[in-house]
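Working notes for the structure below.
The values are calculated or read from the model by the stated rules, or taken from the named source; none is laboratory data. As the structure is a prediction and not an experimental result, all values here were calculated from the model. Heads up, the Cβs are rebuilt from the backbone with ideal geometry, glycines too, and the neighbour counts pull from every protein chain shown. Just the protein is used for accessible areas: all its heavy atoms, side chains included, with ligands, DNA and RNA removed. Shrake-Rupley method; radii C 1.70, N 1.55, O 1.52, S 1.80 Å.
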Amino acid sequence: MRRIAISVAASTMTLSLAACGTLGVTGDSSEASPTKGDDITVGVLMPEETNTRYREFDYPIIQKKVASLTGDKGRTVYANGGADAKKQTAQMEKMISDQVDVILLDAVDSKSIADTVRKAKDAGIPVIAYDRLAQGPIDAYVSFDNELVGEVQGRSIMEALGGETDTSTKIVMVNGSPTDPNAGQFKAGARSELNGKVTIAKEYDVDGWSPLIAESDMTEAINEIGKDNIAAVYSANDAMAAGIIKALEAAGVTELPPITGQDAELAAVQRIVSGEQYMSVYKPYPQEAEAAAEMAVARVQGKNIQFEALASDRVDSPTDKDIPAQLVPVVALTKDNIKSTVIQDGIYKLSDICTSEYESDCEDAKLR
Ligand code: BGC
């Protein structure tokens, strides 16, 4: 499953698509005959609520970008599936019957949503898979390089352990939801860095990415492996890392092992500053969310050249091949690069991170 077949550059692809008649226009986007004007509605479906990224970053960024691309005439409608696949299906069906112009879908369950993706397609509503690769006839996919996310996490564990590991080094892996294809890619990426170098003593796939389940899984792992025998914990994201830390603290662990995460949630950045969490993965949300908004608007307005230029990678899903895609790179976030990542990109202000509770940690980390 290595990095899902990213292929050809935009120019080659444009040619090949034109050659097989997929593109209806030639020349630049201004020559395209728009199917819709600026008065459009973009349906946005996000997958869960425990994670802060969806309400704090993804949706507001998409909303703002759609507004700016349409001279404030375009609207977005939002629904969050709350980690419930049936609920999300109903939300998407409503958007189809309300005849939104395009849907950005971050699927709770990439497989079970496929029939609804087909319904949208039949109703003439393009679906762009957002962050998680939904099955069914989607028009495009925007995400981060998810296998790279896992590699970055795995590499960070090795770095934290100082390269001095062997098969007696025991690690616990707490992966994301089995219905989220990203979770499988994170896991594969991490395993490519860890396999053969450490022993994965216990491993869990966590339904709905639930921090509570992650916490109880970690408690079980501690009971089986022993609290002093765990060299590091692979947590697929920050929200679960919080649950894992609770379990370790409840078991009386005072010196926490290196714990990974992902999403650069504010609470996780603070834990990194205080040394409770070793790292997170910073995924530049504006790049992903703005690209998705641009793709959605270009698709609805029939700006095919622009659309193709935004989606110059190619990925395969279990049901569809050669899906136009954009995969955004990511970086490890540790104590050392907080300023050059989340602060520089305006995700957080220093005052958000260095609240009174973290003041002295911020000084130690030379953030103040
Ligand atoms: C996203 C992660 C997120 C997780 C749980 C994944 O699909 O890529 O950023 O932490 O879902 O919502």
Looking at ALA214 and the list (1) more than 14 Å from the ligand (Cβ to nearest atom); (2) open to solvent by less than 40 Å² (accessible area, probe 1.4 Å); (3) among the aliphatic types (A, V, I, L, M); (4) farther than 21 Å from LEU148 by Cα, which single condition is not satisfied? (1)
Test for LYS246: is it among the basic types (Lys, Arg), in a strand (DSSP E or B) and either away from the ligand (no atom under 16 Å from the Cβ) or surrounded by 23 or more Cβ atoms within 10 Å (Cβ to Cβ) (or both): no
Exactly one of (1) without any contact (Cβ under 8 Å) to a residue 24 or more places away in the chain; (2) within 13 Å of the ligand (Cβ to nearest atom); (3) not β-branched (Val, Ile, Thr) is unmet by ALA83. Its number? (1)
Going through the range 111-134 in order, the residues found to be open to solvent by 10 Å² or more (accessible area, probe 1.4 Å) and either among the small types (Gly, Ala, Ser) or over 18 Å from ALA293 (Cα atoms) (or both) are LYS111, SER112, ALA114, ASP115, ARG118, LYS119, LYS121, ASP122, ALA123, GLY124
Only one of ILE138, ILE128 is touching a Phe, Trp or Tyr at 6+ places or on another chain (Cβ under 8 Å) and more than 11 Å from the ligand (Cβ to nearest atom), namely ILE128
Provide a single number: the residues in the range 254-304 that are more than 14 Å from the ligand (Cβ to nearest atom) and acidic (Asp, Glu). 4
Within the range 154-180, residues within 12 Å of the ligand (Cβ to nearest atom) and small (Gly, Ala, Ser) come out as GLY176, SER177
Quick one: in the range 50-79, which of the residues that are within 11 Å of the ligand (Cβ to nearest atom) and within 16 Å of TYR130 (Cβ to Cβ) is surrounded by the most Cβ atoms within 10 Å (Cβ to Cβ)? ASP58
Only one of ALA188, ALA183 is within 15 Å of the ligand (Cβ to nearest atom) and touching a Ser or Thr at 6+ places or on another chain (Cβ under 9 Å), namely ALA183
